[in-house]
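Heads up: the structure comes next, in structure tokens.
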Amino acid sequence: MKLFRIASLHSWIPRSLAAVSAAILLSTTLSCGLLLNDAKQINTFDLKYSEAKEKHPYSLEIRTFNGNSRSKMTWRTDGQKVEVDELNRWNYPPEVLLTQYLSAYFSDNNIDGAPGKVPNFIVSGNVLSCDFDLEHKKVNMLIRYSVMSPMSLESEVNGARYFSEDAKEATPEEFAKIVSDCARQFAENVNRIIMNQLKETNAQKEAFVRD
């Protein structure tokens, strides 16, 4: 009987340990699941890129725009207070996104990095601000820029473009959509500046020939 009892005791212990281990594993799994569910997801947004509808008669070098190097979206809660969004972020800081947008828009004209080639024009600048105004439901973006020709420094154009676009809703998706549209408008503005520069240069050449 003693041997039987001892054998029974040994056969019971492994089953008890297995049950305890299973209970611990289940508890750990549930705890990890709850932690994962409670963790907040970080959303990343990019611009909607587009190319120019037609190729333009000039070559272009687009230099990387400067900025505050902040990838997190910013929301202006009142006239002075700006809050940084920890969950909604840009794929890259706005100044890098704008540089990439210009490179895509002027893809047929862009000779950035091409060895031995001198562009007709160089575009550079600085994204000074890019935020969503919650009080007025507007996206505000301020860009300072320079458009110059390496052949004629006197033709350099320096300026700033301020966008204040109405938003249908205060969401990061709407924010990204409007910034994409601001980038498109800015690219079109750069093209207009360059085309005006070319017209002025051609007019000067024609006047010189006539004289």
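Derivation of every value follows stated rules applied to the coordinates shown; laboratory data play no part. Keep in mind the model is a prediction, meaning the values are calculated, not measured. Every residue, glycine as well, gets a Cβ built from its backbone with ideal geometry; the counts of neighbours run over all protein chains shown.
General remarks:
- Summed residue charge, Cβ within 13 Å of Lys48's Cβ, Lys/Arg positive, Asp/Glu negative: -3
- Pairs from the list Lys53/Lys168; Lys40/Lys168; Lys53/Lys138; Lys81/Lys138; Lys40/Lys72 with a Cα-Cα gap above 22 Å: Lys53/Lys168; Lys40/Lys168; Lys53/Lys138.
- The stretch 43-210 - share of DSSP beta bridges that are antiparallel (%, nearest 5): 70 percent
- For the stretch 43-210, the alpha carbon convex hull comes to 127 Å³ per residue, rounded to a whole number.
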